[in-house]
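Report on one structure; see the data block that follows.
The values are calculated or read from the model by the stated rules, or taken from the named source; none is laboratory data. Since the structure is predicted, the reported quantities are computational estimates derived from the model, not experimental observations. Heads up, the Cβs are rebuilt from the backbone with ideal geometry, glycines too, and the neighbour counts pull from every protein chain shown. Remember, those area values only see protein heavy atoms, side chains included, never the ligands or the DNA or RNA. Shrake-Rupley method; radii C 1.70, N 1.55, O 1.52, S 1.80 Å.
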Amino acid sequence: IGLGTAMYALGAVVGRSHWTGALAVVVGYLVTDRFTELFAFGGLLQVGALIFGMLSVAAFVRAAETDAVELHHWWMGVTALALAALSHVGTSVIVVPIGILVAGLALVPRRDREWPTMLRKLRLPLLGLVVIGAFWLIVLRMASQDFIDNPASLGYRGPGRLWELLLGRWPTALVMIVGGGAILLGTLRAIIRRHVDGFIGLAAWSIMSWAALAYAIVSGSAT
């Protein structure tokens, strides 16, 4: 229920339609089996981190698209990101930077407004993001180091294994290709319009995820 709700919320916010939210749930549950495999192997904490990560991105995207500074969107994003950080070390190492980056992008539409007034309104949520970032830097990265360097983890979660899982099953590959194309087109449109929207948030998410994979490949660490 939590995973479906998070998928729906993020899809509805990005696509600005209840239909895209429903489509996100259908794709997540029926087209791919990545999430159900996590359940089958007891990966509930990983799923929890993904749930909170999606809710955080949805909240910050919504904050970026509102004309006025609405604190409840920011607090929803900060709270969800904090819960993601506390859910699962391996997943939150990637999820937390994504949430912080999307939150930073949410400030871009207000660059031509009164910065002192905006920062005064957002001082507490931004402080929360700083605390989460410090927790990521000091605790999460350090806690994940032994896991990343573990030979057993490399055998099961190395970059080669990831490619096999992503491209070895056609539904997952199809979702990657179609979704990647949609994100690219949506991002180009947003750049042309000089507008930060949900596709910009998804692009930031994708860039951070692929950057983490590139780092894993270069450093020979687990994914």
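Below are the figures for this structure:
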read-out	value
Accessible area expressed per residue, the range 161-223, with surrounding protein chains retained (probe 1.4 Å, Å²)	61
Under DSSP loop assignment and at most 15 Cβ neighbours within 10 Å, longest GluC sites (Glu not before Pro)-free interval of the chain	115-223
Fraction of accessible area attributable to carbon and sulfur, the range 5-103 (%, probe 1.4 Å)	74
Pairs of Cα atoms farther than 15 Å apart, the range 69-109, %	42
Per-residue [θ]222 nm for the chain (sum of -39500 (n - 2.57) over DSSP H runs n ≥ 4, rounded to 500)	-25000 deg cm²/dmol
Carbon plus sulfur fraction of accessible area for the range 162-223, probe 1.4 Å, in percent	74
Isotropic mean projected area of the C-alpha convex hull, the chain (nm²)	12.3
Under the Karplus curve 6.51 cos²θ - 1.76 cosθ + 1.60, θ = phi - 60°, whole-Hz ³J(HN,Hα) for the range 33-47, x wherever Gly or Pro sits	10, 5, 6, 5, 5, 4, 4, 4, 9, x, x, 5, 5, 4, 4
Per DSSP, loop trypsin sites (Lys or Arg not before Pro) in the range 170-214 with at most 12 further Cβ within 10 Å	ARG194
Average silhouette area of the range 168-223, convex hull of alpha-carbon atoms, in square nanometres	4.6
Per residue solvent-accessible surface (Å²) - the range 1-136, probe of 1.4 Å	49
The range 1-59: C-alpha gyration tensor shape, a/c 1.5 cut-off, then a/b vs b/c	oblate
Whole-angstrom gap from the range 38-111 to the range 181-197, using each part's C-alpha centre	20
Electrostatic dipole magnitude of the chain [Cβ: Lys, Arg +1; Asp, Glu -1; Cα centre; debye, to 20]	480
